[in-house]
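Since the structure comes first, as structure tokens, the remarks are kept for the end.
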Amino acid sequence: MKRGLNQVLFQFMPGKTFDNPQHQMIEKVAQIGGEDISDEVNDEHLKKRVFAAINEWEGGSREYLTRTLDNYSIIQPEDVISEVFPLILRCDNCYAVENYWRRRESLKNGSVACSNCENSSLHQLHHVLICEECSAIEAMSVPPCDEHDWNYVKLDDSAESYRNFRWRCGKCEQEGKEATIRSGLYSNCDDCGNTLQPTVHRASQAYRTHHLKQVDINFEYGLSEDEENQAISDIALGAAYGIYDHPENEISFYRDKQEGGTNQIEELLGSDIVDEGQKEKIRDQFSDDLKASGELTQILNELEEIRLTKRNISRNHFNYLRTLEEIKTETLDELDSDVGGPSQTSADVLEQFGVSDLRLTSEFPILTAVYGYHRTFDEPEEDSHPALRAFPFTQGKDTIPIYATSSDTEAVFLTLDHRRVGEWLAANDLLDGSIDDLSDQELRALIHAEMDQMKPYLDVDEMTEVSRYVHGLLHTLSHRLIEEAALLSGIEETSLAEFLFPEALSVAIYSNQTHSFTIGGLYTLAERSLEEWFESVQQESEHCIYDPICGEQGASCHACTHISEIGCQHFNQNLSRGFIFGGTNQEMPITGYWDDF
């Protein structure tokens, strides 16, 4: 059974049950074989992000080793090893139900028969039991009849509710005796003793992966965890605030000049150690370095004048800036695009919809990693999160695997107009005072100061209002652009995904293919149908087929804003059409980004 890497990462991880058409059986993934790619990716950063995500999960964790780098490995899947599960089968002739755990291997080649009537036509029951406490999964427990043991046990599963399912003894029925052995499918978990809940093995609550994505660039320098690189952060913030042209001028250029000894040169020129003639020669020899040093001093001085927070630039924001430096991107003007109509240029279309920049690339380096799973979690109530479980060791290793794949893929970078965003936030009373008198750099600094960093698990309740609005706007717009891109380009929706850079007011919509080539669909869409793309989002997104109920309950549901979890970075959280079109969002009036305010 051939499956792509992306399908394996999200649908065939250890502990996941699936229907195997080759064997015509329900099976459970027991193990994944693969190649260790720790040396090929930024593994230290990935592992630290995984550790942070594990620690933040409110349900706790099971089977993880101590959070040290050597205890974990990055594995790219190659082989899926599965086993028949559950082993509860019903005879198609006499309807007897039996646990075939002693004959597991025989089931794959069809060499088993009913113990009661010796009929060979058997089929699995698709009901399983899952633990909402420790995320374990177990097969149903077949209860014996007090008189006839397990020889004639049947399951009456015709009722709509599991509590009304009945285990019956076929022999007692024939003898005219009370045949009910037990009602319901409930039993206790072997791991933790909690009550197990029955469900169909295919149900979404039976298995949910925990995954994250990161831009996979092995930086020669970066933000250290102990914040000792304050200077790098300041230079990066200068780029983020628009104090200097970026990515034309790279962060590394000013960082290298800062560490290149220009301070000593300037001290020498200001001293009496050398005469004027020697000073002139030094100025000529180091003119470029001195010029860059002067520019850096000016950048840092301007930064201090406008910054409203002392916190360092976030890693997400920093990665966005560094990615633009490391990969080749092209604007629509550089591609000489035809946006789909003679009346407007690409700049006109983008301005109309509040987008300041659109860039295309075929080199977006994305790393997708899956590091665990849980069961039974849909809409958690307080203190009801299930445990996050680690994957078992891979063959021949004594480390916990983090399954991942990295590829360079096609992407569209969209950046919202910071002044339009500022006006939108002000219209929603989220920025104090007038922004009209602020320079572009001051406005960028203000918006950045009002936002907080995105954590691995999005907690809307802990976000500042500005962060919630900006993230919600980017997130909702991204989903709608993905859905309309799929319709217009013919690309499957599940083949597109998002990566949000909220503090940069940016999102990358990329081809979610695991092969190292691009399909060209996003380029064609942006180059030839930009106006149609955005107009279709505007026309098809304002209303939902479930309005007015959907609109009154947050303006977000599976029919209007949700996409596949394969493509969504934040599990379809913090979405609302209200961020774009206005109206009532979770009982709060809101002005939309595309409203005329």
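Annotations
- Given (1) surrounded by 15 or more Cβ atoms within 10 Å (Cβ to Cβ); (2) closer than 30 Å to T409 by Cβ; (3) modelled with pLDDT under 90; (4) of a type in the set (F, W, Y), index of the condition Y207 fails: (3)
- Scan of the range 173-187 for residues that are in contact (Cβ under 8 Å) with a residue 40 or more places away in the chain and either on the phi > 0 side of the Ramachandran plot or among the hydrophobic types (A, V, I, L, M, F, W, C) (or both), ordered by number: L185
- Top-ranked residue in the range 438-480 [being touching a strand residue (DSSP E or B) at 6+ places or on another chain (Cβ under 8 Å) and modelled with pLDDT under 95; ranked as surrounded by the fewest Cβ atoms within 10 Å (Cβ to Cβ)]: P456
- Candidate set from the range 27-48 (those that are assigned to a helix (DSSP H, G or I) and not polar (S, T, N, Q)); member that is surrounded by the fewest Cβ atoms within 10 Å (Cβ to Cβ): D39
- The conditions of being assigned to a loop (DSSP other than H, G, I, E, B), buried (at least 21 other Cβ atoms within 10 Å of the Cβ), out of contact with any Leu (no Cβ under 8 Å at 6 or more places or on another chain) and among the β-branched types (V, I, T) are not met by I545.
- Members of the range 147-172 that are out of contact with any Leu (no Cβ under 8 Å at 6 or more places or on another chain), over 24 Å from T376 (Cα atoms) and in contact (Cβ under 8 Å) with a residue 12 or more places away in the chain: E147, H148, W150, N151, Y152, V153, K154, D156, C169, G170, K171, C172
- Comparison of E132, E118 shows that the only residue that is in contact (Cβ under 8 Å) with a residue 60 or more places away in the chain and of a type in the set (D, E) is E132.
- Selection of the range 5-26 for residues being part of a strand (DSSP E or B) and over 18 Å from H374 (Cα atoms) yields D19, N20, M25, I26.
- Unmet criterion (only one of (1) under 24 Å from the mean Cα position of the chain (by Cα); (2) at pLDDT below 95; (3) of a type in the set (S, T, N, Q)) for Q553: (1)
- Residues of the range 49-65 that are surrounded by 14 or more Cβ atoms within 10 Å (Cβ to Cβ), assigned to a helix (DSSP H, G or I) and of a type outside the set (F, W, Y): R49, V50, A52, A53, I54.
Yes or no, residue by residue, for (1) in contact with a Cys (Cβ under 9 Å, 6 or more places away or on another chain); (2) acidic (D, E); (3) more than 24 Å from P14 (Cα to Cα):
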{"site": "V97", "(1), (2), (3)": "yes, no, yes"}
{"site": "R103", "(1), (2), (3)": "no, no, no"}
{"site": "S106", "(1), (2), (3)": "no, no, no"}
{"site": "S111", "(1), (2), (3)": "no, no, yes"}
{"site": "N119", "(1), (2), (3)": "yes, no, yes"}
{"site": "S135", "(1), (2), (3)": "no, no, no"}
{"site": "A139", "(1), (2), (3)": "no, no, no"}
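- As a summary of the residue check, S337 satisfies the conditions (1) assigned by TED's automatic domain parsing to the domain that holds S529; (2) in a helix (DSSP H, G or I); (3) modelled with pLDDT under 90; (4) surrounded by 20 or more Cβ atoms within 10 Å (Cβ to Cβ) except for the one numbered (2).
- Residue in the range 409-417 that is of a type outside the set (D, E, K, R) and either at positive phi or part of a helix (DSSP H, G or I) (or both) present: no
- Subset of the range 95-142 [aliphatic (A, V, I, L, M) and touching a helix residue (DSSP H, G or I) at 6+ places or on another chain (Cβ under 9 Å)]: A96, V112, L122, V128, I130, I137, A139
- Only one entry of T323, T405 meets the criterion of being modelled with pLDDT under 95 and either outside any strand (DSSP E or B) or closer than 19 Å to A526 by Cα (or both), and that entry is T323.
- Taking the criterion of being over 23 Å from the mean Cα position of the chain (by Cα) and of a type in the set (A, V, I, L, M, F, W, C), the residues of the range 1-53 that qualify are M1, M25, I26, A30.
- Residue satisfying all of: in the range 190-212; in a strand (DSSP E or B) and of a type in the set (S, T, Y); nearest to P86 (Cα to Cα) among these: T199
- Applying the criterion of being more than 39 Å from the chain's Cα centre (by Cα) and not in a strand (DSSP E or B) to the residues of the range 67-99, the residue that is farthest from Q7 (Cα to Cα) is C94.
- Restricting the range 134-189 to residues that are part of a loop (DSSP other than H, G, I, E, B) and among the hydroxyl-bearing types (S, T, Y) leaves a set whose member that is farthest from C91 (Cα to Cα) is S135.
The values are calculated or read from the model by the stated rules, or taken from the named source; none is laboratory data. Keep in mind that what you see is a predicted model, and the values were worked out from it rather than measured. Cβ: placed from backbone, ideal geometry, glycine included. Neighbour counts: every protein chain shown.
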